[in-house]
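Below: one structure, written as structure tokens.
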Amino acid sequence: MQARKHRLLIVEDSKPIASLIQYVAKEAGYETQIATTMAQCVEYLRTHETFDLASVDYNLPDAPDGEAIDAVLAHRVAAVVMTGKLDAQTRERVLNKAVVDYIPKESAEAFNYLGKLLTRFAVNPKIKILIVDDATAFRSYLVHLLERHRYQVLEAENGAQGLQILEQNPDISLVITDHEMPVMSGIRFVSEIRKKYPKERLCVIGLSSTETQSLASRFIQNGANDFLIKPFCLEEFYCRIAQSLEHLEYMVRLKRLADIDSLTALYNRYAFFKETEALALRCVEKQQAYAVAMIDIDLFKKVNDNYGHDMGDAVIVDLAQQLTQHFSANDFICARFGGEEFVIFIKPDALSKIEDALAQFRIQIADRVVQIAEQRCQYTISGGLVVACWDLDKMIQLADEALYRSKENGRNKITIDRMGVIDGGQ
């Protein structure tokens, strides 16, 4: 079932600006409704399905002093205020309301910022933020600010409790921590975080009411991504949060580009070694057997020659998808080693079922048909499996040799090497 699109109510009396906001919103994946007056805004709020968010102009013909903002908030719809009024008094009045943000319409960049905000607002409910501060009132204030933007928020009274919550919630994306706390200072807390959570995995923002010049640098030197002095400007707070999360998401994308094969979405060769070397080393240290399997598509050159490279790619993708479905990530690590060759790392707990699993997988693949337009292609695989307790490079070499024997013995076979004893295939 397709997920429901987010819905934005645009409250704006200028048709060109309303059209621009509508364009920005659609680019961010929103459905939109435009109201040019407060009366129309109230009618839409009353009669339409719930809106997720509203972009509200401060000055309308029938609501010259921000009344439309109150109307939107009264219907429990989050509001972003877009206004040409730049004076400090208006800004303060708007930010005293429970709005998501206040965006002066100073330049085209304001609409780029709105687009980023809309995108963030849609994904924020999936993001967990941990607040660590011993002051209950200030913690509650931060929770209130973050919940306006729909983040999931967790709280801790000190660094020790914060580390426990991080352990219990490995999907936390951002930590906001005060410095002056009992049990553990903010700087020490950040230092402890970085022993386990690198910057590409978790962002940290330090806070302090102390304006010591060196404090910001000390926080950052100990692993924080950013630092804010209390009391802070509300817009700056939201900007720093969004910037930190965007940086984290960018790092995740970079890691994916480095680790994931673009055609199959499996690990690439580099990532396979990164994910398995430590596991293999632990097995060797414990004298615990594990396994490695090499899988290769039979006569792949003929697939490309007879059907074309698009079909060749489709066959590779099909095999990768079947590997993902057949071999669970809990027990196996699958990767595309290169070309039409794949590798599977089998953890010790899965050894008892691997031979049957590979045999069933080979049979399953032989029955598959890959189709592009009118072209239909069947393919088979050969494999080599080694079950032993040697270093990873040796295991891969032995699995590759077993694969070669499968090819020599007629293909569409799995050859098994148990501690150096060859089983001719199945």
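The values are calculated or read from the model by the stated rules, or taken from the named source; none is laboratory data. These numbers come from a predicted model, not from an experiment. For neighbour counting, all protein chains shown are included, and Cβ atoms are generated from backbone atoms with ideal geometry for every residue, glycine included. Surface accessibility is based on the protein's heavy atoms, side chains included, excluding ligands, DNA and RNA. Shrake-Rupley method; radii C 1.70, N 1.55, O 1.52, S 1.80 Å.
Structure above, values below:
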quantity	calculated
Stretch gain in nm, segment Lys394-Gln168, where the contour uses 0.36 nm per residue and the Cα spacing is subtracted	77.6 nm
Label-point separation in nm, Leu281 to Leu351, each point 7 Å along Cα→Cβ	2.1 nm
Computed FRET value (nearest 0.05) for Lys255 with Val369, which takes r as the C-beta separation and R₀ as 22 Å	0.05
Within the accessible area of the chain (1.4 Å probe), percent carbon and sulfur	49 percent
Accessible area expressed per residue, the chain, with surrounding protein chains retained (probe 1.4 Å, Å²)	49 Å²
Under the Karplus curve 6.51 cos²θ - 1.76 cosθ + 1.60, θ = phi - 60°, whole-Hz ³J(HN,Hα) for the range 201-207, x wherever Gly or Pro sits	10, 8, 9, 9, 10, x, 10
Interchain or long-range residues, amide H under 5 Å from Ile260's placed H	Asn268
Mean projected area in nm² (Cα convex hull; one quarter of hull surface) for the range 209-316	12.8 nm²
Linear extension gain, Thr37 paired with Ser217, 0.36 nm per residue minus alpha-carbon span	59.9 nm
Fraction of antiparallel bridges per DSSP, the chain only, in percent to nearest 5	40 percent
Ratio of the Cα radius of gyration of the range 118-266 to 2.2 N^0.38 Å, where N counts its residues	1.05
Residues in the range 185-226 that a label on Lys128 would reach, taking backbone N under 14 Å of a point 7 Å out along Cα→Cβ	202-203
P(r) weight above 34 Å for the chain, C-alpha pairs, percent	53 percent
Computed over the range 118-220: relative contact order in percent, which uses C-alpha pairs under 8 Å that are six or more apart	26 percent
For the range 65-142, Kirkwood radius (reciprocal of mean inverse C-alpha pair distance, Å)	14.5 Å
Size of charge dipole - the chain - debye, nearest 20, with Cβ of Lys, Arg +1 and Asp, Glu -1, no other charges	460 debye
Percentage of interatomic Cα-Cα distances in the range 337-411 larger than 22 Å	31 percent
Top positive-direction residue, dipole computed over the chain with Cβ charges, set Gln33, Asn124, Ala18	Asn124
DSSP loop GluC sites (Glu not before Pro) with at most 15 other Cβ within 10 Å: longest gap in the chain	212-373
Net charge over other residues, Cβ less than 10 angstrom from the Cβ of Phe300 (K, R count +1; D, E count -1)	-3
Over the chain, relative contact order from alpha-carbon pairs under 8 Å, at least 6 apart, %	8 percent
Computed helical MRE - 222 nm, the chain, DSSP H runs ≥ 4 contributing -39500 (n - 2.57), nearest 500	-14500 deg cm²/dmol
